[in-house]
Amino acid sequence: MQRILSGSPEGGSIGIADRITALRQLDYRERALVLALNHERPNEPYVSGIDVVPRYAAELYRTMPQNFGTELIVRSISDLDVTSESVFLRLSGEKLSTRVELGARQLSADNNLVDLDGLEDERFANVVLNWRERRGMTTLRVGAVSTDAEDVAQFGLRQDWQLTDNVGAAVFLNYNDLADETAQLRALGLRDEVGVTLDWTLTARDSATLTASYSQYKSREDRDDLGDGYSVEASFAHSLMVGPTHQVQVRAFANTQQNFLEDDLPSDMVARLPGGTEIDDVVPPRYTFIGAGVSFARGIPGEEYPLVASPRYRFTVDTGYVMPDNEIGISANFAIGSRILGSDELSLNFGVDQTGSQTQDNSYTGSIKYQYFLGR
């Protein structure tokens, strides 16, 4: 393919769209992007395939995103409120993308839930590196969370492979993640996790995903053991509508979590929790959610680079059966994004998750994000 491209100069027998496609398959993304940008102008003379060039340019920008912005997130996990403000910058080359994020969070809760003294103000930083390969990608994440009471270093590693045209796989490792199954665990605990994901594209409209992981839970200040366990999540999705701008999808899913807990809470957590709090109030011993959902979308608000013109929106609803409480649960999320000044986006997101149980807390989320897209 490379010899054919070299032997056919631009404007020759190979069309612009076909040339861009070939360059992408050869991993020459920067050359493909430059070629697409040079031929996406409205006054470009029409040739066969030229109408898809602007979308090719957007897809290449999404593969190699370059943007900066700021985000405000307000979240409630049971009776714990978390407010987060951050700024971020992402730069990309043909192989490597780098994302840097700096921010702060404020935690607040009634003392009857948890004593946050020294933990209520979090400062955090993250650096994420993505190295793109011919049939996969390596992602490295290094970060830190600092409070007056304790500093935590964080690490993540993920390797994605495209095994065949229809099957993808990934393995991942996370160290010192902030777990949020319950409000007490979010404030006082950490999670180490290792897992694997498999993705199947069954048909043009059908796909399936299976994720399995093993987790260890630790106390945040002394890293004493809380327990360990596993989780499995499976889903099947069917697209009812697949168009250049709009998508409608239905899905069925099941996820389960089983944890094996220590007999007692660590001393650093006992000192911050009300008397009578048991370890299964902090880490859910068992949780299962089986159900179905539907989503309506025009693009994806807040993504690294949009493929659809403004405005963009997405609405998702999931409902199902929650165990061990044997109740009906529901979660919903609505996001909308729009261009403001030109090559930018302001997006809003609102979510509610009522799929919790006596040991898995419900949550509410709202966010506003502004990002400016760099490049031509």
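Kirkwood's formula applied to the C-alpha pairs of segment 197-258 gives a hydrodynamic radius of 14.2 angstrom.
Its Cα centre serving as origin, segment 58-130 has a Cβ charge dipole (Lys and Arg +1, Asp and Glu -1) of approximately 640 debye. Between Val352 and Asp268, the simple spin-label model (points 7 angstrom out along Cα→Cβ) gives 3.7 nm. The convex hull defined by the C-alpha atoms of segment 78-138 has an orientation-averaged projected area of 5.9 nm². Computing FRET efficiency as 1/(1 + (r/R0)^6) for Ser310 and Tyr364, where r is the C-beta to C-beta distance and R0 is 35 Å, gives about 0.85.
Counted residue by residue at 0.36 nm each, then reduced by the alpha carbon distance between them, the extension gain from Val250 to Ala332 reaches 28.1 nm.
Compared with the direct C-alpha span, the chain from Glu120 to Thr138 gains 3.1 nm at full extension, assuming 0.36 nm per residue. Near Arg298: Cβ cut-off under 11 Å, other residues only, Lys/Arg at +1 and Asp/Glu at -1. The net charge is +2.
Computed packing ranks the peptides 308-321, 95-108 as 308-321, 95-108, most packed first, by mean other Cβ atoms within 10 Å. Taking 0.36 nm per residue of sequence separation and removing the Cα-Cα distance, the Ile340/Glu278 pair yields an extension gain of 17.3 nm.
The Cα trace of segment 65-373 gives Rg and Dmax of 20.0, 58 Å, the first to one decimal, the second as a whole number. For segment 298-356, the spread of Cα positions along the three principal axes, ordered from largest to smallest, is 50, 15, 15 Å.
Sorted from greatest to least, the principal axis extents spanned by the alpha carbons of segment 74-196 come out as 53, 27, 23 Å. Here the spin labels are modelled as points 7 Å beyond Cα on the Cα-Cβ line, and at Trp200 and Trp131 they lie 3.2 nm apart.
Where a number appears in this text, it was derived from the coordinates with a stated rule and is not lab data. Computed from a predicted model, the values in this text were never measured in an experiment. Reconstructed Cβ throughout: ideal geometry from the backbone, glycine too, with neighbour counts over all protein chains shown.
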